[in-house]
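The values are calculated or read from the model by the stated rules, or taken from the named source; none is laboratory data. Here the structure is a predicted model, which means the values were calculated and not measured. Note that each Cβ is placed from the backbone with ideal geometry, even for glycine, and that neighbours are counted across all protein chains shown. Please note that ligands, DNA and RNA were not included when accessible areas were found on the heavy atoms of the full protein model with its side chains. Shrake-Rupley method; radii C 1.70, N 1.55, O 1.52, S 1.80 Å.
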Amino acid sequence: MARIALFPGSFDPITLGHVDIITRALPLFDEIRIAVGTNSAKNYLFSLEQRIAWITETFADEDKVKVVTYDGLTVDFALQEGVNFLLRGLRNPADFEFEKAIAQANREMTPELETVFLLTSARFAYISSSIVREVFNYGGDFTKFVPDAVKP
Ligand code: ADP
């Protein structure tokens with residue numbers, strides 16, 4: 001059976017932290033589907049089309065990476081997509097506590113779906129999409145935190 005991982009997130013915008021997790025997960029899986037959230041209750045800074053375009057360009061040369069969009073519960077979408085793994089990145093203890101609760105709730109709902117965590121590389125551990133948005137909003141240089149494709 002093919003090992004397919006879903007990497008869900010807002011990617012508002014994609015950062016070098018996300019790229020690090022995806023790149024390092026590639027040898028572990030046959031395919032990684034980056035699932036871009038379209039939660040109508042969330043106020044994204046960048047449009048869905050823009051977020052998808054940046055991810056697609058970043059992984060244009062990587063056949064094993066696909067980009068999909070979803071709304072609703074991640075586990076429901078994962079089942080619908082027929083994937084067997086959820087991929088998440090961990091930066092710090094706060095991420096761990098948050099992700100642990102979500103992963104345990106997800107396992108309770110969907111035991112057949114395994115969540116796999118990768119620790120972020122130390123040099124990217126401080127990067128978050130929210131910091132990038134803050135720097136962007138105040139006209140600062142955010143290019144150090146994002147892949148080359150991200151040019152608003
Ligand atoms: P969400 O809205 O689900 O928090 P994000 O796009 O912020 O979406 O994050 C998606 C995933 O990427 C999460 O697993 C998050 O922990 C991980 N992630 C975000 N930033 C980094 C980073 N700098 N290093 C490693 N993983 C990261």
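Some notes on this structure:
- Test set (1) in contact (Cβ under 8 Å) with a residue 40 or more places away in the chain; (2) out of contact with any Pro (no Cβ under 8 Å at 6 or more places or on another chain); (3) of a type in the set (A, V, I, L, M, F, W, C) - A41 fails condition number: (1)
- Residues in segment 94-130 that are part of a helix (DSSP H, G or I) and in contact with a helix residue (DSSP H, G or I) (Cβ under 7 Å, 6 or more places away or on another chain) were compared, and the one that is farthest from A60 (Cα to Cα) is M109.
- Selection status of P93, within 13 Å of the ligand (Cβ to nearest atom) and more than 19 Å from F11 (Cβ to Cβ): yes
- Segment 45-60 residues that are modelled with pLDDT under 95, paired with ones that are polar (S, T, N, Q) (beta carbon under 7 Å, 6 or more apart): none
- Residues in segment 16-23 include at least one that is open to solvent by 50 Å² or more (accessible area, probe 1.4 Å) and either at pLDDT 95 or above or β-branched (V, I, T) (or both).
- For segment 1-40, the set of residues classified as closer than 11 Å to V65 by Cβ and more than 10 Å from the ligand (Cβ to nearest atom) consists of A5, T23, A25, L26, F29, E31, I32, R33, listed by residue number.
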